[in-house]
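Worksheet for the structure shown next.
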Amino acid sequence: MNIFDSHCHLNDAEFEADLPQVMTRMAENGVRGAMIVGTDEASSRRAVDLADQYAPCWASVGVHPHDAAGCGEAVLERIQSLTGSAKVRAWGEIGLDFNRMHSPRSDQERWFVRQLEVARGLELPIILHERDSGGRLLELIRAHDWPDRRGVVHCFSGTASELEGYLGMGFYIGITGIVTLAARGRELRGLVPRIPADRLLVETDAPYLTPTPERKRHRRNEPAFVRTVLLKVAEMRGQNPEALAEQVWANTCRLFRIPAAALP
């Protein structure tokens, strides 16, 4: 199977000691592509550096809502300079997180809207993070939308009505290892069959959200484990895993405008 991990953080310090081995295991499990996602200036720069170094990897740059308090025009200008690399194919991870509140709500909303404007100017798809925003994320997107806007709701684990809202706005839906967890993933497993085949992505969010059964043996998640996510999604949808892998591969390349010839 050809599998694409549409959201991982190989730029995290968790991977500094053994990244070449991680890349080898990724290839051995049929994971031929990975989107390395930035969350602030330093991690965005690292994402681009790694994508330039490893052929199967691509990069996304931006400021996560947790880091919104440290954002500013100068920061965004420096991050924008990274988009000169051909490996940068998305802006994000951006959004709202009213659960942990690492940054004040006012900062989160201000810099989320500003980054929507930046992504529009650069004609890049957006990678969205949403947690406990009570519909505010969609409200802001609707108020600052634009023609041909593209994007994915990363690590979707919301309600049926939230899913319909995102789909109604044309977003892709990213599914993580949460779908494999007995209790936490129960509602998500019920919603997975409702995602149109051409809007579905799979991801690890590595080093976080290790799926079952890997979580019984490994504390850290990694791109190789996205295969388990895909197999569980195929089971929930009653689909052939190989056929689903090809569909999800095509979806990811379409969203991020990655030509097949650019992949190893």
| Filtered residue count, the range 48-71, keeping only those that are of a type in the set (Gly, Ala, Ser) and more than 17 Å from Leu82 (Cα to Cα) | 4
| field | Looking only at the range 40-71, and only at residues there that are in contact (Cβ under 8 Å) with a residue 40 or more places away in the chain and assigned to a helix (DSSP H, G or I), the one that is nearest to Met23 (Cα to Cα) | value | Leu50
| message | Looking at the range 148-195 only, could you name the residues that are of a type in the set (Ser, Thr, Tyr) and within 21 Å of Leu116 (Cα to Cα)? | response | Tyr166, Tyr172
| remark: Glu117 meets each of (1) modelled with pLDDT of 95 or more; (2) surrounded by 18 or more Cβ atoms within 10 Å (Cβ to Cβ) with one exception, condition (2)
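To keep it simple, each residue is scored yes or no on (1) surrounded by 24 or more Cβ atoms within 10 Å (Cβ to Cβ); (2) under 25 Å from Arg105 (Cβ atoms).
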residue: Asp5; (1), (2): yes, no
residue: Asn11; (1), (2): yes, no
residue: Asp18; (1), (2): no, no
residue: Val61; (1), (2): yes, yes
residue: Ala69; (1), (2): no, yes
| remark: Restricting the range 72-90 to residues that are in a helix (DSSP H, G or I) and either among the aliphatic types (A, V, I, L, M) or touching a His at 6+ places or on another chain (Cβ under 9 Å) (or both), the one surrounded by the most Cβ atoms within 10 Å (Cβ to Cβ) turns out to be Ile79
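So, in the range 31-59, of the ones that are among the charged types (D, E, K, R) and touching a strand residue (DSSP E or B) at 6+ places or on another chain (Cβ under 9 Å), which residue ends up surrounded by the fewest Cβ atoms within 10 Å (Cβ to Cβ)? Walk me through it before giving the result.
To start, the set of residues in the range 31-59 that are among the charged types (D, E, K, R) comprises 32, 40-41, 45-46, 49, 52.
Then keep just the ones that are touching a strand residue (DSSP E or B) at 6+ places or on another chain (Cβ under 9 Å); that gives 32, 41, 45-46, 49, 52.
Values: Arg32: 17, Glu41: 20, Arg45: 18, Arg46: 20, Asp49: 16, Asp52: 14.
Looking at residues that are among the charged types (D, E, K, R) and touching a strand residue (DSSP E or B) at 6+ places or on another chain (Cβ under 9 Å), I get Asp52.
To keep it simple, each residue is scored yes or no on (1) buried (at least 22 other Cβ atoms within 10 Å of the Cβ); (2) free of Cβ contacts under 8 Å to residues at least 12 places away in the same chain; (3) of a type in the set (Lys, Arg).
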| site | (1), (2), (3) |
| --- | --- |
| Gly92 | yes, no, no |
| Gly95 | yes, no, no |
| Phe112 | yes, no, no |
| Leu124 | yes, no, no |
| Leu128 | yes, no, no |
| Glu139 | no, yes, no |
| His144 | no, no, no |
| said: Here's a check for you: in the range 136-158, which residue that is closer than 22 Å to Gly38 by Cα and of a type in the set (D, E, K, R) is farthest from the chain's Cα centre (by Cα)? | reply: Arg149
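The values are calculated or read from the model by the stated rules, or taken from the named source; none is laboratory data. Nothing here was measured: the structure is a model prediction, and the numbers come from that model. Counting neighbours? That spans all protein chains shown, and the Cβs are built from the backbone with ideal geometry, glycine included.
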